[in-house]
Amino acid sequence: MNPQEKEEIIEKVSLLLKEVPSSMDIVKKGKDRERRFRYLATYMVEKAIEKDALIISENRKGIAILFKTSRKEESFWKDLWQEIGLVWNVTGVKNAYKILKNQNYIKKQRPQKGQYLYCWFWGILPDSRGADTQVGKSMKDEFYRQAREYQIPLYAETRIRKNAVVYQRFGFELFHTWQHPSGDTMYFLRYVPDNVKKVE
């Protein structure tokens, strides 16, 4: 990916993050908020490129970050300096403890053993949304292709009810709900490919 393409993706992710309740919570309010969203988007895109986790739709209007990971691979020390950068440039110190507490609960809902795919981010620009567009369907097909290829389950969560319904239409199972401290309901979803179900 050349620097111009990377900039374009960061710009789109920064825009889409402003619609996501979780990122609205973690990005500190105030005069520098635009810069903070930009920092978060840059961090996410660079992390996705590093881990080969970036999925971009054919028309470049849909962007997802799909990590192949496990509980063991989540290293606190390895990412500490980046996390400190996030506290300083995105969340602010006061917000950090609350976010950490929520993240600990969320992580406990994912597999504690074995590998899995985790959809960290999935956004589609407004002019490519809707049931009559192919962007969401083609991206979903890529998610499922990877789950079948690696023979591991795929996990996601959202605080937007409409998105939870879309995930379920696409074949995800709603396996848990949580009353998030914000007052929203958080929906936890997973897709287990047939070749994994047979093994189980």
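The values are calculated or read from the model by the stated rules, or taken from the named source; none is laboratory data. Just so you know, these numbers come straight off a predicted model, no measurement behind them. Positions of Cβ are generated from backbone atoms using ideal geometry, with glycine treated the same way; all protein chains shown enter the neighbour counts. Surface accessibility is based on the protein's heavy atoms, side chains included, excluding ligands, DNA and RNA. Shrake-Rupley method; radii C 1.70, N 1.55, O 1.52, S 1.80 Å.
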Subset of segment 1-35 (residues that are open to solvent by less than 60 Å² (accessible area, probe 1.4 Å), part of a loop (DSSP other than H, G, I, E, B) and modelled with pLDDT under 85): Val27, Gly30
Test result for Ser70, at pLDDT 90 or above, under 19 Å from the mean Cα position of the chain (by Cα) and hydroxyl-bearing (Ser, Thr, Tyr): no
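Report those helices (runs of 4 or more DSSP H) wholly inside segment 107-200 carrying at least 1 residues which are in contact (Cβ under 8 Å) with a residue 40 or more places away in the chain. Spell out how you get there, then give the answer.
Working: elements: 135-150, 161-169, 194-199.
Filter on segment 107-200 gives 135-150, 194-199.
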Qualifying residues in segment 167-188 (those that are closer than 17 Å to Gly123 by Cα and touching a helix residue (DSSP H, G or I) at 6+ places or on another chain (Cβ under 7 Å)) - the one modelled with the lowest pLDDT: Phe170
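Kindly indicate which of Tyr118, Tyr167, Tyr155 is within 14 Å of the chain's Cα centre (by Cα), buried (at least 18 other Cβ atoms within 10 Å of the Cβ) and closer than 20 Å to Lys61 by Cα. Give the steps one after another, and end with the answer.
Details: Tyr118 fails: closer than 20 Å to Lys61 by Cα; Tyr155 fails: closer than 20 Å to Lys61 by Cα.
The conditions single out Tyr167.
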Within segment 131-152, considering residues that are basic (Lys, Arg) and open to solvent by 60 Å² or more (accessible area, probe 1.4 Å), the one nearest to Arg110 (Cα to Cα): Arg148
Residue tally, condition at pLDDT 75 or above and either open to solvent by less than 80 Å² (accessible area, probe 1.4 Å) or closer than 27 Å to Phe172 by Cβ (or both), over segment 82-115: 17
Members of segment 46-67 that are aliphatic (A, V, I, L, M) and within 11 Å of the chain's Cα centre (by Cα): Ala48, Ala53, Leu54, Ile63, Ala64, Ile65, Leu66
